[in-house]
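Presented below is the structure to which this report refers.
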Amino acid sequence: MKTLTTISKPDIFINKVNYCLLLTALSLIVLGFALMSGGKTRTPEVFNVEVFSMLRITAAPICIVLGYVLQFWAIMYYKKINVK
């Protein structure tokens, strides 16, 4: 008589790698918003050119978008387990 063996799979979908990727993505998003902040003036009559700096206009939004993409990928990432 043959015996059937069952292969047990992990109970949870999100593991340690996913959490590390999620934390990295969250830190990228926070860094992007921190880079975007600032540049305000004390009085509304004075124009501050600092608002249109390369860091706030280009680098910060790219950092935020990369953080959101990495966060989506971290949620969907699943490492296949080779069971023999």
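Annotations
- Checking the stated criteria, Ala59 turns out to be among the small types (Gly, Ala, Ser), at pLDDT 90 or above and over 10 Å from the mean Cα position of the chain (by Cα).
- Filter result (assigned to a loop (DSSP other than H, G, I, E, B), under 25 Å from Trp73 (Cα atoms) and not acidic (Asp, Glu)) within region 11-63: Ile12, Phe13, Ile14, Asn15
The values are calculated or read from the model by the stated rules, or taken from the named source; none is laboratory data. Since this is a predicted model, take the numbers as computed values, not measurements.
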